[in-house]
Amino acid sequence: MRSFASENISPDVVAFQFAVRGKIAIISEEIDSAIKKAKAEGKPNPYPFEKVVKCNSGNPQLLNQKPLTFIREITSMVEYPALTEHPELFHADAVARAKEIIKATGCDGTTGAYSPSKGLAYVRQTIAHFLEERDNVPMSPEDIYLTDGASIAIKIVMQLMISHPLHGIMIPNPQYPLYGACIQQLGGKTCHYNLNEDNYWLPDINDIKEQYEKYQNQGIKIKALVVINPGNPCGEVLPIDTIKEIIKFCNEKKICLMADEVYQENIWTDIPFNSFRKVLATMEPEIAHGLELISFHSISKGFYGECGKRGGMFACTNIPEFARLMMYKIISTTLCSNVVGQVVMSIICNLPKEGDPSYPLFKQERDAILGSLKRKAEYLCDIFNKCDGMSCNRAAGAMYLFPRITLPEKFIQECHERHEDPNETYCIEMLKKTGIAVVKGSGFGQRKGTYHFRIALLPPENEIEEVGKRIQVFHNSFMQQYK
């Protein structure tokens, strides 16, 4: 039997799913291709829309969010240093920063050479300073590791912890599908705790304790607990009291706390973002200096949305020296992360401040993006709550909504007879009739008997009204059809 015969492929790879880039995303590409082909051949459009609106991924610039000028000015000069000789093209602080970064790369090829495996010292120092200012807690650059996006960072950390089929990691339900996929690939156990839809999707410490005991009784050794704050897919922002409860629980059980904080800049309500690292430092010394905490950040989210440049990092708090050496060993097998991504990581951790030449334009661009996200979140939430058999919590941050849909029993039965996931079939029907691609709630996890979909709030405001109207018309018609 050949090595790549289906029977020889790793069963863990076969088993895992990643809904964000799954079946619905594939169908959306096929529909776009069919529309383009019909147009090129002079044939009628086979669909009642001109293009697919891709609300299935947190990919801001794909949906025409403009990049921040400050980031692009600096990266242009770092990539092509001769541009620094034309300061009239750029803001003065961007030129100064570019020269600083070029010098820090230590070579004429700037981003064309490998960096140290953990990342450029300059970048790690910049991130350390950012974390110190944000949290009012000292941070060593040696405890920071740069990676090709936060996704790779998460997988590296999990790889260190999962060494047995009964090693488990607790993740929220709903979760970002990367977590379940990584745990499955690494041969571990996915252990869910529930977010409370009736309480704005906040985690409930009593449920976390109950789920922990349940998995322990099944013989599973819990190695870590994951928190996504602000939340993906639900948009919740955790209050300090909830953060403290989770910290105390993880410390008591002696498990690692993995804090996914990639959406920390995406806040548009009165609930402020507080990092787990900041809150941890305020607690009693036994906890503050004992809990193992890994924090993640990324250039892909926030209001910068530089997904394609693949920059991310993880920061270690109270992680033993041997484990950090193993982290370094894993990262060294990749040689280093993308240096352009490292550069952008340093920029988002040191953005223009009031008084800087770039600040007025930066503030205008940042406020426009965050203000637009807020308006779009409120508009779509209102639309969904007016639909028959649909409800939606308001998002406090991130860039998504996760509305709940009450699917008719007749439709559910039909899907089961065809061996289909009703949640997925509903989203595919929406895609084919409206041109709007979302992600099925079952891809993120949801309480049994409930159905949802995740929609990214990224189409421009001049398109989002049409998105809301199309979904409303489709859903109400769908519900009427199955009455």
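Filtered by the rule that a residue be within 21 Å of Ile27 (Cβ to Cβ) and either free of Cβ contacts under 8 Å to residues at least 24 places away in the same chain or not β-branched (Val, Ile, Thr) (or both), the stretch 447-472 gives Tyr451, His452, Phe453, Arg454, Ala456, Leu458, Pro459, Glu463, Glu466, Arg470.
Taken over the stretch 77-108, the criterion of being closer than 18 Å to Val344 by Cβ and part of a loop (DSSP other than H, G, I, E, B) is satisfied by Tyr80, Phe90, His91.
Could you check, for the stretch 250-270, whether at least one of its residues is part of a strand (DSSP E or B) and among the β-branched types (Val, Ile, Thr)? Within the stretch 250-270 (the criterion being part of a strand (DSSP E or B) and among the β-branched types (Val, Ile, Thr)), the answer is yes, since at least one residue qualifies. Scanning the stretch 390-425 for residues that are out of contact with any His (no Cβ under 9 Å at 6 or more places or on another chain) and either under 17 Å from Ile26 (Cβ atoms) or of a type in the set (D, E, K, R) (or both) returns Arg394, Glu409, Lys410, Glu414, Glu417, Arg418, Glu420, Asp421, Glu424, Thr425.
Checking every residue in the stretch 92-102 against the condition of being more than 20 Å from Ile299 (Cα to Cα), modelled with pLDDT of 95 or more, among the β-branched types (Val, Ile, Thr) and under 32 Å from the mean Cα position of the chain (by Cα) gives at least one match.
Considering only the stretch 131-166, state which residues are outside any helix (DSSP H, G or I) and either out of contact with any helix residue (DSSP H, G or I) (no Cβ under 9 Å at 6 or more places or on another chain) or of a type in the set (Asp, Glu) (or both). Passing the criteria: Asp148, Ser163, His164, Pro165, Leu166. Of all residue pairs spaced 6 or more apart or on separate chains, those with beta-carbon atoms under 9 Å, a first member in the stretch 223-238 that is under 12 Å from Val262 (Cα atoms) and surrounded by fewer than 24 Cβ atoms within 10 Å (Cβ to Cβ) and a second member that is at pLDDT 95 or above and charged (D, E, K, R) are Val227/Asp260; Val227/Glu261. Looking only at the stretch 42-74, count every residue that is assigned to a loop (DSSP other than H, G, I, E, B), farther than 17 Å from Asn266 by Cα and modelled with pLDDT under 85 and tell me the total. Of the residues in that region, 1 qualify.
The residue that is farthest from the chain's Cα centre (by Cα), among those in the stretch 115-156 that are closer than 19 Å to Ala104 by Cα, crowded, with 23+ Cβ neighbours inside 10 Å and not hydroxyl-bearing (Ser, Thr, Tyr), is Leu120. Within the stretch 462-481, the set of residues being surrounded by 13 or more Cβ atoms within 10 Å (Cβ to Cβ) and not β-branched (Val, Ile, Thr) comprises Glu463, Glu465, Glu466, Gly468, Arg470, Gln472, Phe474, His475, Asn476, Phe478, Met479. For the stretch 330-359, residues that are part of a loop (DSSP other than H, G, I, E, B) and either buried (at least 22 other Cβ atoms within 10 Å of the Cβ) or not hydrophobic (A, V, I, L, M, F, W, C) (or both) total 12. Regarding Leu195, is this residue buried (at least 24 other Cβ atoms within 10 Å of the Cβ), out of contact with any Gly (no Cβ under 6 Å at 6 or more places or on another chain) and modelled with pLDDT of 95 or more? Spelling it out, Leu195 is indeed buried (at least 24 other Cβ atoms within 10 Å of the Cβ), out of contact with any Gly (no Cβ under 6 Å at 6 or more places or on another chain) and modelled with pLDDT of 95 or more.
When residues in the stretch 7-36 are screened for being within 26 Å of Glu424 (Cα to Cα) and at pLDDT 70 or above, 15 of them pass. Of all residues in the stretch 368-384, those that are part of a helix (DSSP H, G or I) have Cβ atoms under 8 Å from Cβ atoms of residues that are of a type in the set (Lys, Arg), 6 or more apart or on another chain, in Ala377/Arg394; Glu378/Arg394; Cys381/Arg394; Ile383/Lys469.
Here the condition is being within 30 Å of Thr69 (Cβ to Cβ) and not in a helix (DSSP H, G or I); of Gly290, Gly305, it holds for Gly305 alone.
The values are calculated or read from the model by the stated rules, or taken from the named source; none is laboratory data. The model shown is predicted, which means the values in this text are computed figures rather than measured ones. Don't worry about glycine lacking a Cβ; one is built from the backbone with ideal geometry, like all the others, and counts go over all protein chains shown.
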